[in-house]
1. Keeping every protein chain in place, order Val66, Val27 by accessible area at 1.4 Å, biggest value first, i.e. largest first.
2. So what's the net charge close to Thr21: Lys and Arg +1, Asp and Glu -1, counting the other residues with Cβ under 9 Å from its Cβ?
3. Might you work out the accessible area of Arg55 for me, using a 1.4 Å probe with all protein chains in place, and round it to the nearest 10 Å²?
4. Once the piece of chain linking Ala35 and Arg61 is laid out straight, how much longer is it, given 0.36 nm per residue of separation minus the C-alpha distance between them?
Amino acid sequence: EKNLATAALSGDLASAPMPGTMISVGVEPGDAVVAGQTLVVIESMKMQSEIIAERDGVVDRVFVAVGETFDRGAPLVSLELIAEPEED
């Protein structure tokens, strides 16, 4: 059985797959994003990679500015936790 807490958190943080440099940031805190949307573009080993949103959500924080370097596993963009839907 899948751990619900882990599942709920799985799409909340986009982290660096490898060390690199931030090339561009396409979102800012408060922006609504959809699954598959490019959040940031990074460069590692002379290759550029798009980091995409794993789920729909709202950007909570951007951790790395353009031109800054980061290590593998570093947080790049976080999305707000999904709240339970409220009744209208």
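1. My answer, sorted largest first, is Val66, Val27.
2. So the environment of Thr21 carries a net charge of -2.
3. 30 Å²
4. Answer, rounded to one decimal: 7.7 nm.
The values are calculated or read from the model by the stated rules, or taken from the named source; none is laboratory data. Worth saying up front: this structure is predicted, and the values here are computed from it rather than measured. All Cβ positions, glycine included, derive from the backbone under ideal geometry; neighbour counts span all protein chains shown. The accessibility values were calculated without ligands, DNA or RNA, using every heavy atom of the protein model including side chains. Shrake-Rupley method; radii C 1.70, N 1.55, O 1.52, S 1.80 Å.
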